[in-house]
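To keep things clear, I will list the structure first and then write my remarks on it.
The values are calculated or read from the model by the stated rules, or taken from the named source; none is laboratory data. This is a predicted model, so every value here is computed, not measured. Every residue, glycine as well, gets a Cβ built from its backbone with ideal geometry; the counts of neighbours run over all protein chains shown. Please note that ligands, DNA and RNA were not included when accessible areas were found on the heavy atoms of the full protein model with its side chains. Shrake-Rupley method; radii C 1.70, N 1.55, O 1.52, S 1.80 Å.
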Amino acid sequence: MTTIEYLSMSGPQRTFFKTVDFFRSLPQRIERKGARFPSKLRNFGKKLMGPVNTCVDAAVHGDWRTRLSFLFMGFGQITRHQIIRGVCYFVYEVAFIIYMALFGGKYLKAMPSLGQLGQISIPVDNQSSFINIYYDNSLQILLYSVISIAFILILAYLYFSQLKDSMNLQRAAYIGRRSNEKQTLKNILDRSYAKTLLTIPMIGLFSFTVLPVVIMILIGFTNYNSYHQPPAALIDWVLFENWANLFSTSSSSGDGGIFLYAFGMVLMWTLVWAFFATFSNYFLGMIVAMIINAKGVKLKKLWRTVLVTTIAVPQFISLLLMSKMLASSGGVVNELLKQWGLISANIPWLSDPIIAKVTIILVNTWIGIPYTMLMCTGLLMNIPADLYESAKIDGASPFKTYTKITLPYMLFVTTPYLISQFVGNINNFNVIYLLSGGGPSFVFTGTVPQQVAGVGETDLLITWIYKMTMTNAFNDYGAASILGLMIFVVVAFFSLIVFNNSKSIKNEEDYQ
Amino acid sequence: MNTSVKKHYASRRARRTVKVTFIYILLAIISVIWLIPFVYLVMQSFAERYVAGAFFPETWSVRGYKLLFTDSVYEFWKWWLNTFAIACVTAVLQTLITLMTSYTLSRLRFKLRKPLMKFMLIIGMFPSFLGMIIIYYMLQLLKIDTSIYSLILIYVAGSAGGYYISKGFFDTIPRSLDEAAMIDGANKNTVFFRIILPLSKPIVVYTLLMAFSGPWGDYMTASYLAKGNSNMWNVAVGLQNLVSKANQEVYFPAFCAGGVLTSIPIIILFFCLQKYYVEGVTGGAVKG
């Protein structure tokens, strides 16, 4: 098949050809991957053995300074005119030992059990009141032991890197190149500038984003809920019991599938919501931008400014206001409609399952259109005007021009934006929580598991998790973290696809 | 000129006038829809008391505003100052960190660059409030769990993840500028502060604006940390408490008044810096 043959095919034919080709070439590709596998494995092994190699190298070929570095980190550097670097290594080692001896060690030891004794209540005044004495706090143990593990990993990294560095310095000295402290300091602002700039952001990111995420994932494997709530009670590792409880359909061990049912409903609404919220904003915003951009329309700036007001007013104010205005009884919208005689009974804007969903999507367009409008305005002007002119000469209708010129161009340019919007809407907490608060509750029959209590028709997964941990009395962090993990996996998967395929990543160097 | 040609042009002009008039009507409707809630907000803030069926207040008064500044339970000025202080400090620090991160990822080449970018992208997708309980323990460890510094710390610590848009901007600045400066003996620090930053005014302003307006609308983090401690309330938490009170007749005008006072600084900023904002939004979208 030649290129020209392929190009002469129609759309469906091309798709068919591609599909067939995909399956035809599958064995070949697997074979190729398989052939590469041993060498990949070897490379991986080499990387894994790197630290060991460093150690052996330093032990066999190192002089006394390098060998002393095994015991005192940074010794090689200090004795070879890299005093600051060496002292830093050494200080970290000393600090680590002190920390572990006084503090981290005991928490690490308690990690497998997460504490022995939670709280003792001692009765006073003839048993009428109690004094509570707290001992082990499982969450604290978990937190400090994860921090300790992080310190151990850092130590391991620094240990091997200082050995390697010491060997490098020794070899440099052997061929007569004396290292220079000044040069190292200069490099902070030059050759190793990336490290300099990234240090503070990474400390922030790792301590306040990554660390909590890691611990939350660990909590997914514990029984942290209202019966086991530190500091009053200990929590315990239950491994996969949470998963089993949540997703079993048998009524003896689980809840007869009510959780699963609620989960399915919420997941479905989350996806439906994300779809409609994204595309309604996108298309309506584009249309508004096109209307404002149309030839002959004056005061363009004024119209845009009106819409931008929505962005400028903090979202929570407009959302709370909207939820007040749309309240079924006593809300201004219903009252005015009644006064004008348009309706006789109140419309349940936010309290009927179906109407609430529609209302939320509509209010969301009210919030989202201005953003899309601003974004599209610039892009629409980039479309070459001669395309439109030639279409006009050929007698294309405005609708045809839109579907054949404007839309393909916009879709091409904004696909990454669309997908990131989709992902953002899956996690859109504000609109749902401040507007409907999750909306009318689900009605279940039978014994309702506590995690499901309070979940509403318009709850997204994220607001459900919020309720599960914050407002619901059950405080089931274990289950919530499992749900959170699932959202995370799905969303991260989509985002990585976008990221890997986005133009700005693929041809990053083209721009510069 | 030939009469038929004249007629042709006249009819075309007429058609265009009809089209433009139609567009104006449409735009007017759109504007009304978009402005109604804000008009309602301003109007209700001057109402004596909340009346369900009235768009405009029946009796005008400034009681709502007065209540905000005199009520001993709802100390609006305190929330406002809290938020303002948080927003100012956060804006500066967050901008600095975001720009440092994005410059590094855009200009400097190091081994873990691409994995780091991916990692930062996806780690931000974990529902952040789930980690709040852990963060709370960490703040207790640092002994700042009852002050507004904790909020600043949280906002600033996570700001590296927002590198995306400014990195896209830095990518568009030609590399030859850096190289020319390096040949003249500048180090990378000088290149960043003396060459790239002055050229990046739009993105600096955009990042500042976003970082400043973020804390004004944050409900989730603030409400969690301020549990049972009204000294730490920011406007979002405070007003949410106000609007969920039972006695709405009195408190709804106060809520509206609070909303107006909160929106004013941000609206002013947005309109002064609209140009930069639009540039940021457009640039971020195209780069994807």
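Does B:Y65 satisfy the condition of being surrounded by 16 or more Cβ atoms within 10 Å (Cβ to Cβ), assigned to a loop (DSSP other than H, G, I, E, B) and in contact with a helix residue (DSSP H, G or I) (Cβ under 9 Å, 6 or more places away or on another chain)? Taking the combined requirement at face value, the residue does not satisfy it.
Residue-level check: of (1) open to solvent by less than 70 Å² (accessible area, probe 1.4 Å); (2) modelled with pLDDT of 85 or more; (3) within 14 Å of another protein chain (Cβ to nearest Cβ), B:P57 misses just (2). The single condition among (1) under 15 Å from the mean Cα position of the chain (by Cα); (2) open to solvent by less than 10 Å² (accessible area, probe 1.4 Å) that A:I497 does not satisfy is (2). Within region A:235-254, at least one residue is at pLDDT 85 or above, over 30 Å from A:V413 (Cβ atoms) and outside any loop (DSSP other than H, G, I, E, B). Kindly evaluate B:G168 against the criterion of being farther than 25 Å from A:F429 by Cβ, modelled with pLDDT under 85 and part of a helix (DSSP H, G or I). Yes. Which one is surrounded by the most Cβ atoms within 10 Å (Cβ to Cβ) among residues in region A:193-228 that are facing chain B (nearest Cβ under 9 Å) and of a type in the set (S, T, N, Q)? Selected residue: A:T209. Close contacts from region B:1-28, counting a first residue that is over 11 Å from A:I291 (Cβ atoms) and a second that is hydrophobic (A, V, I, L, M, F, W, C) and surrounded by fewer than 12 Cβ atoms within 10 Å (Cβ to Cβ), with Cβ to Cβ under 9 Å and a gap of 6+ residues or different chains, come to B:Y9/B:M1. Filtering region B:137-156 down to residues that are at the interface with another protein chain (Cβ under 9 Å from one of its Cβ atoms) and modelled with pLDDT of 90 or more, which residue is most open to solvent (accessible area, probe 1.4 Å)? The selected residue is B:L153. Scanning region B:118-136 for residues that are buried (at least 20 other Cβ atoms within 10 Å of the Cβ) and either free of Cβ contacts under 8 Å to residues at least 24 places away in the same chain or touching a Lys or Arg at 6+ places or on another chain (Cβ under 7 Å) (or both) yields B:M125, B:F126, B:P127, B:L130, B:G131, B:I133, B:I134, B:I135. Residues in region B:1-53 that are open to solvent by 80 Å² or more (accessible area, probe 1.4 Å), of a type in the set (A, V, I, L, M) and at the interface with another protein chain (Cβ under 9 Å from one of its Cβ atoms): B:I33 alone.
I'd like to know if region A:302-318 contains one or more residues that are open to solvent by 60 Å² or more (accessible area, probe 1.4 Å) and either more than 9 Å from chain B (Cβ to nearest Cβ) or farther than 30 Å from B:G53 by Cα (or both). Yes, because at least one residue in region A:302-318 is open to solvent by 60 Å² or more (accessible area, probe 1.4 Å) and either more than 9 Å from chain B (Cβ to nearest Cβ) or farther than 30 Å from B:G53 by Cα (or both).
Residue check: is A:G331 modelled with pLDDT under 85 and either crowded, with 17+ Cβ neighbours inside 10 Å or in contact with a helix residue (DSSP H, G or I) (Cβ under 7 Å, 6 or more places away or on another chain) (or both)? Spelling it out, A:G331 is indeed modelled with pLDDT under 85 and either crowded, with 17+ Cβ neighbours inside 10 Å or in contact with a helix residue (DSSP H, G or I) (Cβ under 7 Å, 6 or more places away or on another chain) (or both). Residues that are in contact (Cβ under 8 Å) with a residue 60 or more places away in the chain, outside any helix (DSSP H, G or I) and exposed (fewer than 12 other Cβ atoms within 10 Å of the Cβ) do not occur anywhere in region A:6-23. Look through region A:418-440, keep the residues that are open to solvent by 40 Å² or more (accessible area, probe 1.4 Å) and at pLDDT below 80, and return whichever of them is nearest to the chain's Cα centre (by Cα). Per the criteria, the residue is A:S420. Looking only at residues of region A:376-415 that are loosely packed, with under 13 Cβ neighbours inside 10 Å and hydrophobic (A, V, I, L, M, F, W, C), we find that the one that is farthest from the other protein chains (Cβ to nearest Cβ) is A:A385. Of everything in region B:83-117 that is among the small types (G, A, S) and within 20 Å of the chain's Cα centre (by Cα), the residue that is most open to solvent (accessible area, probe 1.4 Å) is B:A85. Cβ-Cβ contacts under 6 Å between residues 6 or more apart (or on different chains), taken from a first residue in region A:355-366 that is at negative phi to a second residue that is surrounded by fewer than 19 Cβ atoms within 10 Å (Cβ to Cβ), are listed as A:I355/A:P348; A:I361/A:F276; A:T365/A:S280; A:T365/A:L284.
Looking only at region A:154-177, decide whether some residue is modelled with pLDDT under 85 and either surrounded by 11 or more Cβ atoms within 10 Å (Cβ to Cβ) or not polar (S, T, N, Q) (or both). Yes, there is a match, as at least one residue in region A:154-177 is modelled with pLDDT under 85 and either surrounded by 11 or more Cβ atoms within 10 Å (Cβ to Cβ) or not polar (S, T, N, Q) (or both). One residue stands out in region B:219-240 among those that are assigned to a helix (DSSP H, G or I), in contact with a Leu (Cβ under 8 Å, 6 or more places away or on another chain) and among the polar types (S, T, N, Q): the one that is most open to solvent (accessible area, probe 1.4 Å), namely B:Q240.
Condition check ((1) farther than 25 Å from B:S244 by Cβ; (2) open to solvent by 30 Å² or more (accessible area, probe 1.4 Å); (3) within 14 Å of chain B (Cβ to nearest Cβ)) across all residues:
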position: A:G257; (1), (2), (3): yes, no, no
position: A:L260; (1), (2), (3): yes, yes, no
position: A:A289; (1), (2), (3): yes, no, yes
position: A:S351; (1), (2), (3): no, yes, no
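Looking across region B:62-90, just one residue is modelled with pLDDT under 85 and among the polar types (S, T, N, Q), and that is B:S72.
Restricting A:K182, A:K164, A:K186 to residues that are under 25 Å from B:A186 (Cα atoms), in a helix (DSSP H, G or I), more than 8 Å from chain B (Cβ to nearest Cβ) and charged (D, E, K, R) narrows the list to A:K182.
Screening B:T146 on (1) within 23 Å of B:G217 (Cα to Cα); (2) not in a loop (DSSP other than H, G, I, E, B) shows it passes everything except condition (2). Of the residues contained in region A:338-349, none is found to be crowded, with 16+ Cβ neighbours inside 10 Å and small (G, A, S). Among the residues of region A:111-143, those that are more than 14 Å from chain B (Cβ to nearest Cβ) and at pLDDT 85 or above comprise A:M111, A:P112.
Restricting attention to region A:63-77, the residues being surrounded by fewer than 19 Cβ atoms within 10 Å (Cβ to Cβ) and not aromatic (F, W, Y) number 5.
Is one or more of the residues making up region B:64-85 touching a strand residue (DSSP E or B) at 6+ places or on another chain (Cβ under 9 Å) and either over 25 Å from B:L153 (Cβ atoms) or of a type outside the set (A, V, I, L, M) (or both)? Among the residues of region B:64-85, at least one is touching a strand residue (DSSP E or B) at 6+ places or on another chain (Cβ under 9 Å) and either over 25 Å from B:L153 (Cβ atoms) or of a type outside the set (A, V, I, L, M) (or both), which makes the answer yes.
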